[in-house]
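The values are calculated or read from the model by the stated rules, or taken from the named source; none is laboratory data. Keep in mind that this is a model prediction, so the values were computed, not measured. Quick reminder, even Gly has a Cβ in these numbers, built from the backbone with ideal geometry, and neighbours come from all protein chains shown. Please note that ligands, DNA and RNA were not included when accessible areas were found on the heavy atoms of the full protein model with its side chains. Shrake-Rupley method; radii C 1.70, N 1.55, O 1.52, S 1.80 Å.
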Amino acid sequence: MIIRLKSTNETFWLPIYIMNDSSFQSGAYLILLIIEFILYILTAIIICSTVRIFLKIKLFHRNMNIMKTLFLCQWFEAIMAKLVIIPFQIGVFKFCDSTQPYVSWWSEEGSDEIIIIEKASTTVYLLIIASFLVWHYAYSMIFGILNLGLERIFATVLLKDYENTPRLYIPVLLICSTHVVTLVFSYLVLTNRTGFYMGTSPCFINSGLSFMMYIIVLKVNKRRRKKLEDPGPGCDYSLAQQFQVKENYRALKLAKNLLIVVLCAMSVPCALLIMLVIGLIPSFKMILIHVMENSIYLNPIIICTVLMFSSTVWRDEYLKLIPGWKRFRTARVFKVRPKPQLTHRASTAPVEPDEGLIYFEQLKKSWQ
């Protein structure tokens, strides 16, 4: 939605598709609004639980954990902005004198769909600031997925001692550089200086770059892993390097589904918006408005679930969020998988040690 301040003749591109619609204050739309609020609370719980789980059960390097934490927790920036925007959408706060509802995806310069604001009040600037926060969150997601790939590139290049050296400057550098880019770009998009296609292009460009980066780094680490499994004359990796190769390969394998989900969460709504603006698909306004908005505010539910299900240990801890899951699991294990009666011979058989624990112990001794 594009608005213009008449006093300054400035235009702003707001990531909002419906405004001033008082129908949300009653009937089925009110129920829908309440359901959305419940889903927002659920999303907040899932994000906090996901962060707690992967910080408690550390399967990856600290640098990746730092970046994943900030990547997920930035959702709270968007939901705070959404709480400011909702009163304008349902007509509680007025940003102009008219009482008619406004529905718009995007408007070209000189279009009749541009909303003219006669007098820029404090509430209008509050709406603009909230819109900036939403843009910043959206572009932080788009550029942030690149950071996770770049962190794995550092882990691949610095193979010798990456795992036992903190190197806190890597996540700090990546995060600061990303926010410099996203803050500037969000401002340019908000003030409508990029235009529609330039504003949506980073979504597809970064998706392509992230996918290519993943494929290249995966192939490099896969080749190194094969070299470890079938060591030849040229294989001279130290124990720390062997561990890092296995760690990189495992992280990339676990990240495959997460990468697909995040790229789809970014690309599909953006492609849908483009098709709506150029008129390739019919505008089922009320349905698509909720789809477009909630693709931003509710996507952490899917992203966090896929992330937690990428590891068995994380998944078991994550499922404990479901009320009664522990009791159900205990009853299911008791009924379906009863404990077998072990013979004396079976009970005294040696248990094979966990390969991962062996590597951790060997690596710890090599660092001492």
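Points to keep in mind about this one:
- Relative contact order of the range 2-322: 26 percent, from C-alpha pairs under 8 Å at least 6 residues apart in sequence.
- Given R0 = 51 Å, the distance between the Cβ atoms of Ile281 and Ser49 translates into a calculated FRET efficiency of 0.90.
- Carbon/sulfur fraction of accessible area - the range 2-322, other protein chains in place, 1.4 Å, %: 69 percent
- 1.4 Å probe accessible area per residue over the range 1-126, in Å²: 48 Å²
- Over 23 Å (Cα to Cα) - which of Lys56/Lys253; Lys219/Lys246; Lys58/Lys227; Lys56/Lys219; Lys219/Lys256; Lys160/Lys256 fall in this group: Lys58/Lys227; Lys56/Lys219; Lys160/Lys256
- Over the range 2-322, equivalent-ellipsoid semi-axes from the Cα gyration tensor in Å: 42, 21, 17
- In the range 2-322, a dipole from Cβ-located charges (positive for Lys and Arg, negative for Asp and Glu) runs towards its positive end, and of Tyr162, His136, Ala255 it is Tyr162 whose Cα lies farthest in that direction.
- Extension gain, Thr191 back to Asp97 (0.36 nm per residue minus Cα-Cα distance, nm): 31.6 nm
- The length gained on full extension between Leu126 and Thr8, counted as 0.36 nm times the residue separation minus their Cα-Cα distance, comes to 40.8 nm.
- Full extension of the segment from Lys227 to Lys256, taken as 0.36 nm per residue of separation minus the current Cα-Cα distance, would add 8.2 nm.
- Order by protection proxy (mean Cβ within 10 Å, highest first), peptides 241-251, 258-268, 192-202: 241-251, 258-268, 192-202
- The local environment of Leu32, defined by Cβ-Cβ distances under 13 Å, has a net charge of -3 under the rule Lys, Arg +1 and Asp, Glu -1.
- Peptides 3-13, 68-78 ordered by average Cβ neighbours within 10 Å, highest first: 68-78, 3-13
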